[in-house]
Amino acid sequence: MRKVLSFVLVLSLVLGSFGMAFAAPLSDVAGEDFEDAVNVLTQLGVVSGYPDGEYKPDNIVTRAEMAVIVVRALGLADYAIGTASFSDMAGHWSNPYVAYATSLGIIDGYPDGTFRPDNTVSYDEAAKMLVAALGYTPESLTGTWPANYVVKAQALGILKGIKAGSAG
């Protein structure tokens, strides 16, 4: 239970700041309300800054970035190997993470066989990824997509304070 609560807290912080990061010192978070959250997530290895040394908190999270965040937050980054079977993932930087998250049932592709890694992750998709990462399956939830995952995420408090619209 403690592990689940820690995971929910970390992901709430991630979604609360709605930024994604991948490298060096994060020069654009100093003095911001979310600075502590970003620093904790950086120390945990969930995010690490963009190559230019920024966090870019105003960027909107993509499907690929969300997959990476979830796998890293679960502490499973070392297992992110392989190649995703989606037709649009060849050569994409997130391919091993998407492959692993797919194998865990955390993410799904589209009916046309694509994943669309650079598309904005929707509120519904993010809720699905987070709830699935906690071990919930469609069979364990009441209702149908996407309401089943969104309702569960809200009940778990994962989406509290999250503002999302059609832009992500």
Quick check on segment 103-111. Is at least one of its residues of a type outside the set (Asp, Glu), over 23 Å from residue 44 (Cβ atoms) and in contact with a Phe, Trp or Tyr (Cβ under 7 Å, 6 or more places away or on another chain)? yes
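Please go through segment 38-72 and pick out each residue that is in a helix (DSSP H, G or I) and open to solvent by less than 10 Å² (accessible area, probe 1.4 Å). Steps first, please.
Applying the first criterion (in a helix (DSSP H, G or I)) to segment 38-72 yields 38-43, 63-72.
Within segment 38-72, 38, 41, 63, 64, 66, 67, 68, 69, 70, 71 qualify.
Evaluate segment 101-110: report whether one residue or more is open to solvent by less than 40 Å² (accessible area, probe 1.4 Å) and not in a loop (DSSP other than H, G, I, E, B). Can you show your working first?
Taking segment 101-110 and keeping what is open to solvent by less than 40 Å² (accessible area, probe 1.4 Å), we get 101, 105-107, 109.
Add one more test, that the residue is not in a loop (DSSP other than H, G, I, E, B), and what stays is 101.
Within segment 101-110, one or more residues are open to solvent by less than 40 Å² (accessible area, probe 1.4 Å) and not in a loop (DSSP other than H, G, I, E, B).
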Going through (1) more than 25 Å from residue 88 (Cβ to Cβ); (2) in contact (Cβ under 8 Å) with a residue 40 or more places away in the chain; (3) buried (at least 18 other Cβ atoms within 10 Å of the Cβ) one by one, residue 160 fails only at (3)
Would segment 114-137 turn up any residue that is acidic (Asp, Glu) and touching a residue at least 60 places away in the same chain (Cβ under 8 Å)? yes
Residue 133 passes all but one of (1) at pLDDT below 95; (2) closer than 17 Å to residue 65 by Cα; which number fails? (1)
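The values are calculated or read from the model by the stated rules, or taken from the named source; none is laboratory data. Every value quoted in this text rests on a predicted model; they were computed, and no experiment measured them. Glycine gets a Cβ as well: all are built from the backbone with ideal geometry, and neighbour counts include every protein chain shown. Ligands, DNA and RNA are stripped out before the accessible areas are found, and what is left, the full protein with its side chains, is counted by its heavy atoms. Shrake-Rupley method; radii C 1.70, N 1.55, O 1.52, S 1.80 Å.
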